[in-house]
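Scroll down for the structure; my scribbles are underneath it.
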Amino acid sequence: MAQRIAVPVLMAASCAATGSLATDKLSELQARFDSEASGVHKAKMLQRLGDAEFEEASRAEKAGDYTTVDLLMEKYRDNVRAASEAIEKESPDGEHHPGGYKQLEMHVQKGLRQVDEILLVVPPEFKPPLQLVRKDLLTLDDELLRFLFPRRHENKPAAPIVSPGTPPDMEVRS
């Protein structure tokens, strides 16, 4: 009898400890990201930080904590923006110096997939902030592609603005 009670209690305690460790890891990665001055290093650090944010958002989503999911994805978007600005400041010619641009652009694509997956399961009242994050990530992705391939995008208009009510699978990306 005691064993049947002890096992679930120990499992719950280990899950709580895992969540705490993940939060500590996320805080540590965020602090290192914030203190990094190099745009290229910031972009490379964002890969690990973003993955940690996605893991934490997945845990929060499974627990039904959609407010935390929103906050984590907004923080991810802000981190992408900070890394993008740092790279642009350090190396404005992404075509000839793509270091950081490529890593960041690929991770933004991963972030967009993550947001799309979350949008499929969140309740309607939590969708507008996530749709805004998605729109911002699309804009940042388009800017990164313009830096990497400026001649290809010379006469191409910016990415279309999508209304918040449009489901992600109905949008067409140019």
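Looking at Lys102, Lys75, Lys110, Lys42 in this structure, which one is out of contact with any Pro (no Cβ under 9 Å at 6 or more places or on another chain), modelled with pLDDT under 95, of a type outside the set (A, V, I, L, M) and open to solvent by 60 Å² or more (accessible area, probe 1.4 Å)? Talk me through it step by step, then tell me what you get.
Numbers: Lys75 fails: modelled with pLDDT under 95; Lys110 fails: modelled with pLDDT under 95; Lys42 fails: open to solvent by 60 Å² or more (accessible area, probe 1.4 Å).
Within the list Lys102, Lys75, Lys110, Lys42, the selection yields Lys102.
Mind checking which pairs have a first residue in the range 65-91 that is among the β-branched types (Val, Ile, Thr) and a second that is open to solvent by 80 Å² or more (accessible area, probe 1.4 Å) and assigned to a helix (DSSP H, G or I), Cβ under 9 Å, 6 or more apart or different chains?
Pairs that qualify, where the first residue is among the β-branched types (Val, Ile, Thr) and the partner is open to solvent by 80 Å² or more (accessible area, probe 1.4 Å) and assigned to a helix (DSSP H, G or I), are Thr68/Arg59.
Could you figure out which of (1) open to solvent by 40 Å² or more (accessible area, probe 1.4 Å); (2) assigned to a loop (DSSP other than H, G, I, E, B); (3) modelled with pLDDT of 65 or more isn't true of Pro160?
Unmet condition: (3).
Can you tell me how many residues within the range 114-126 are open to solvent by 10 Å² or more (accessible area, probe 1.4 Å) and within 9 Å of the chain's Cα centre (by Cα)?
1
Could you please give the count of residues in the range 19-39 that are closer than 19 Å to Phe54 by Cβ, small (Gly, Ala, Ser) and modelled with pLDDT of 90 or more?
Residues meeting the conditions: 2.
The values are calculated or read from the model by the stated rules, or taken from the named source; none is laboratory data. Quick caveat: nothing in here was measured; it's all calculated off a predicted structure. With ideal geometry, Cβ positions are generated from the backbone for all residues, glycine too; neighbour counts draw on all protein chains shown. What goes into the accessible areas is simple: the full protein's heavy atoms, side chains included, and nothing from ligands, DNA or RNA. Shrake-Rupley method; radii C 1.70, N 1.55, O 1.52, S 1.80 Å.
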